[in-house]
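The values are calculated or read from the model by the stated rules, or taken from the named source; none is laboratory data. On a predicted model such as this, the values are computed, not experimentally measured, just so you know. Cβ sites come from the backbone with ideal geometry, for glycine too, and all protein chains shown count toward neighbours.
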């Protein structure tokens, strides 16, 4: 068993740089180096080019058998649907404004696996873990988009309508999902990329982590936190503690998964509310200000809870 002090140093080295760069992003915007109108473009650049390339590169550089593991599928889907059922039953029948209710439900299960989860598993466990994380994101992304749109539409009674074509477009044109599909195909057939292409991808993937973290910090607006403290606190407890705990129970006691798969899943499910939740909420008549507030609070809280999960997993 590792020495207590060594584990603490490992956890700090994996998490402190992540949240320090997020803080730098916040101060960059405060100094008007990045303005509010620049943040959507920064998010799009990060997601469409940086993160999708990072996921793709991680997959094609490793063998298919190492990345695509049935153990992962067995754990993530029951954990995901059980948690959503708990959230739905906890909030749907409460006497709350419909716009707020949809925001609360969706915020509870949308996790920032891409912008925060991937950098953490990359630094804590290496490129194979990040590649596995990309596969997990690709499996859950369509469900996240569809269920978010469904809850937003039902609870907000949006006049925009629930359009299947729009959902399908969001899913099948998502750059991370496309990166995973193409990457898995190349990995399965053991197709090696030419060296110039590989170097281009390496350059693009290197921008992913810093841009993602800076964009999160630049998005923070603390003025929207004052209201609904009760719901924000409850979501943070559910998302940052209960959600990863469910995956840990399935990983250890139900399916007995490998340590790397267990740790990767648990850390990804322990991440805060996804920035994409706010972006998607703007398409519907829902409480987007609440979502903005819970993104900020859950991200700050996750700097402590994710560190706690990493610390716990080191001793399992």
Quiz item: Which one of these is within 28 Å of residue 205 (Cα to Cα), within 21 Å of the chain's Cα centre (by Cα) and either assigned to a helix (DSSP H, G or I) or modelled with pLDDT of 85 or more (or both): 52, 79?
Solution: 52
Quiz item: Quick one: which of 44, 62 is assigned to a helix (DSSP H, G or I) and out of contact with any strand residue (DSSP E or B) (no Cβ under 6 Å at 6 or more places or on another chain)?
Solution: 44
Practice problem: Among the numbered conditions (1) modelled with pLDDT under 85; (2) surrounded by fewer than 19 Cβ atoms within 10 Å (Cβ to Cβ); (3) more than 26 Å from residue 299 (Cα to Cα), tell me where residue 222 comes up short. | Solution: (3)
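For (1) modelled with pLDDT of 85 or more; (2) under 14 Å from the mean Cα position of the chain (by Cα), each residue gets a yes or a no:
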{"residue": "100", "(1), (2)": "no, no"}
{"residue": "111", "(1), (2)": "yes, yes"}
{"residue": "115", "(1), (2)": "no, yes"}
{"residue": "123", "(1), (2)": "yes, no"}
{"residue": "137", "(1), (2)": "yes, yes"}
{"residue": "149", "(1), (2)": "no, no"}
{"residue": "165", "(1), (2)": "no, no"}
{"residue": "169", "(1), (2)": "no, no"}
{"residue": "172", "(1), (2)": "no, no"}
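Among the listed residues 283, 314, which satisfies the condition of being farther than 22 Å from residue 175 by Cα and either out of contact with any helix residue (DSSP H, G or I) (no Cβ under 6 Å at 6 or more places or on another chain) or modelled with pLDDT of 85 or more (or both)? Let's see the steps before the verdict.
Details: 283 fails: farther than 22 Å from residue 175 by Cα.
Going through 283, 314 in turn, just one is farther than 22 Å from residue 175 by Cα and either out of contact with any helix residue (DSSP H, G or I) (no Cβ under 6 Å at 6 or more places or on another chain) or modelled with pLDDT of 85 or more (or both): 314.
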Quiz item: Which one of 213, 204 is crowded, with 22+ Cβ neighbours inside 10 Å and closer than 24 Å to residue 43 by Cβ?
Solution: 213
Quiz prompt | From the options 44, 32, residue that is modelled with pLDDT under 80, surrounded by fewer than 21 Cβ atoms within 10 Å (Cβ to Cβ) and farther than 23 Å from residue 305 by Cα | solution = 44
Practice problem: Those residues that are under 14 Å from residue 232 (Cβ atoms) and in a helix (DSSP H, G or I), I need them from the range 87-100; list them, please. | Solution: 91, 100
Exercise. Working carefully through the options 255, 243, find the one that is touching a residue at least 40 places away in the same chain (Cβ under 8 Å), over 18 Å from the mean Cα position of the chain (by Cα) and under 19 Å from residue 78 (Cα atoms).
Key: 255
Quiz item: Given the conditions (1) more than 17 Å from the chain's Cα centre (by Cα); (2) surrounded by 15 or more Cβ atoms within 10 Å (Cβ to Cβ); (3) within 21 Å of residue 248 (Cα to Cα), and given that residue 64 satisfies all but one, which numbered condition is not satisfied?
Solution: (3)
